[in-house]
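Throughout, read-outs are computed from the coordinates displayed, never taken from laboratory work. From a predicted model like this one, the values you see are computed outputs, not experimental measurements. Reconstructed Cβ throughout: ideal geometry from the backbone, glycine too, with neighbour counts over all protein chains shown.
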Amino acid sequence: MQNTAIHRVFVPFLRRMEARHRSTDCNFGRIRNFPVSALPMDGKQANRARPRIVALLAATVLFGVTGASYAQQQVEMSTAAVEVPAPASAPLFTPSDDAEFEEAFVSFDTPVEPELPGHAVDITTIEPATPPEPATTSLGNGVASYYGRRFHGRRTANGERFNMNAMTAAHRTLPFGSQVRVTNPRNGRSVVVRVNDRGPFIRGRSIDLSRAAAERIGMISRGHARVELELIED
């Protein structure tokens, strides 16, 4: 009698749950054709089957509660998505009408000279230090010529590439790296060149300047000029 009551109460209920939740993952297929006579008929077996039925009912109730909670979440999210217009921001700076800009400062009829302490130094009276002139040795007078574009990029006697735009020169005897001041007495211009080549090998010429050095002392138009030579000491 006890088993028959269980059949009459729970089997129709489970079949209704299967029809309502047919799209869920719960497997109610076996209940549809579940024979009533297949359930245990003695008291002990019925007691063992009762927890399974209760667990199935609890799963059904939990599914319903979860669905309701998800629907409530969707409603809250749609409500929060409504944009609320931000209030108008106040101006960052409000000028004051108490005083005008000019009136905010104290005016003086005559400029006030600052009081200088006794150890102060007036920098306008200081003469900047000038480096001393390097010691030189006169090499006498001679004739200078120049060489330029035709020799640009060629190797010089010390292994460098000749650069007609650099301040260099060729001399027959001075050591490589020597600094020579060349002065054109016709215009007073002078230039300091570095010896990095040998020459000139034309009689009567004392030094061959690069084109840039020749331009500096104004001898390009004539091609050569009489100059004064000074060796700058280290």
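Determine whether Gly153 is part of a loop (DSSP other than H, G, I, E, B) and surrounded by fewer than 15 Cβ atoms within 10 Å (Cβ to Cβ).
Working: part of a loop (DSSP other than H, G, I, E, B): yes; surrounded by fewer than 15 Cβ atoms within 10 Å (Cβ to Cβ): yes.
It is true that Gly153 is part of a loop (DSSP other than H, G, I, E, B) and surrounded by fewer than 15 Cβ atoms within 10 Å (Cβ to Cβ).
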Matching entry among Ala120, Ala157, Ala144 (being among the small types (Gly, Ala, Ser) and closer than 20 Å to Leu229 by Cα) = Ala144
ask   = Among all residue pairs at least 6 apart or on different chains, which show Cβ distances below 9 Å where the first residue, located in the stretch 179-202, is part of a loop (DSSP other than H, G, I, E, B) and the second is of a type in the set (D, E, K, R) and surrounded by fewer than 22 Cβ atoms within 10 Å (Cβ to Cβ)?
value = Pro185/Arg226; Pro185/Glu228; Arg186/Arg226; Arg198/Arg172; Gly199/Arg172; Gly199/Arg205; Pro200/Arg172; Phe201/Arg172
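Of the residues Ala166, Ala212, Ala225, which single one is out of contact with any Cys (no Cβ under 6 Å at 6 or more places or on another chain), surrounded by 10 or more Cβ atoms within 10 Å (Cβ to Cβ), assigned to a loop (DSSP other than H, G, I, E, B) and among the small types (Gly, Ala, Ser)?
Values: Ala212 fails: assigned to a loop (DSSP other than H, G, I, E, B); Ala225 fails: assigned to a loop (DSSP other than H, G, I, E, B).
Answer to the check: Ala166.
Suppose the filter is over 17 Å from Glu233 (Cα atoms) and either within 47 Å of the chain's Cα centre (by Cα) or assigned to a strand (DSSP E or B) (or both); does Pro132 pass it? Give the derivation first.
On the way: over 17 Å from Glu233 (Cα atoms): no; either within 47 Å of the chain's Cα centre (by Cα) or assigned to a strand (DSSP E or B) (or both): yes.
Criteria not met by Pro132.
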